[in-house]
Amino acid sequence: MVDYRNVATPSGNVSIQLTAEEQAQLDIERADFASKSGERKLDIIRGLRSDRLKETDWMGFDDVTMPENIKIWRQSLRDIPQNYTTEEQYDVLLATVNKKLTHEIWSKPE
């Protein structure tokens, strides 16, 4: 694949083919980015998990009795990093339909 960079000139932008050195650096950066895909997905999952846990943190106060189904759900959220360890599993957790997460783990029990 040949990559180009845009260079601004007085008459407008011009696309110039990357030098071999620039192309090699770009290839390294792309490979590094691709290799960290799983880490980025896990960071997103951790954020989603934290949001869900925060929604029910108030149920842990001394004057509130947390329902058993909420305790189980919260534990399953905390167990995500141990129970889902591959990028394919992360993709399942992050699957959406109409921008809504579809995996059952994200749904708070009633």
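The values are calculated or read from the model by the stated rules, or taken from the named source; none is laboratory data. If you're wondering where the values come from, they're calculated on a predicted model, not measured in any experiment. Here Cβ is always computed from backbone atoms with ideal geometry, including for glycine, and neighbour counts include all displayed protein chains. We work out accessible area using only protein heavy atoms, side chains counted, and drop any ligands, DNA or RNA first. Shrake-Rupley method; radii C 1.70, N 1.55, O 1.52, S 1.80 Å.
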* Asked: Between GLU110 and LEU18, what length comes free when the chain is fully extended (0.36 nm per residue of separation minus the Cα-Cα distance, one decimal in nm)?
  -> 27.4 nm
* **Which of SER11, SER107, SER37, SER50 is most accessible, then next, and so on - probe 1.4 Å** => SER11, SER107, SER50, SER37
* Of ASP63, ASP27, ASP79, which has the most accessible area and how do the rest follow, probe 1.4 Å? -> ASP63, ASP27, ASP79
* Asked: What residue among THR86, THR9, SER76 has its Cα farthest toward the positive end of the dipole of the chain, where the charges are +1 on Lys, Arg and -1 on Asp, Glu, each on the Cβ?
  -> SER76
* Considering only protein heavy atoms, with the full assembly of protein chains and a 1.4 angstrom probe, order VAL92, VAL7 by accessible area, largest first. => VAL92, VAL7
* For the chain, alpha-carbon Rg over 2.2 N^0.38 Å -> 1.71
* **Charge dipole magnitude, Cβ of K and R +1, D and E -1 - the chain, Cα centre, debye nearest 20** => 280
* To do: When a/c is below 1.5 the answer is rounded, else prolate if a/b is larger than b/c, else oblate, so apply that to segment 1-52 with a ≥ b ≥ c taken from the square roots of the Cα gyration tensor eigenvalues.
  => oblate
* Can you name the helices of the chain, as whole DSSP H runs, whose Cα span along the helix axis is 20 Å or more and whose Kyte-Doolittle mean is not below -0.5? -> none
* Structure fact -> In segment 7-84 the accessible area split gives carbon plus sulfur, as whole percent at 1.4 Å, a share of 55
* Accessible solvent surface per residue of the chain, calculated while the other protein chains remain in place, 1.4 angstrom probe, Å² -> 74
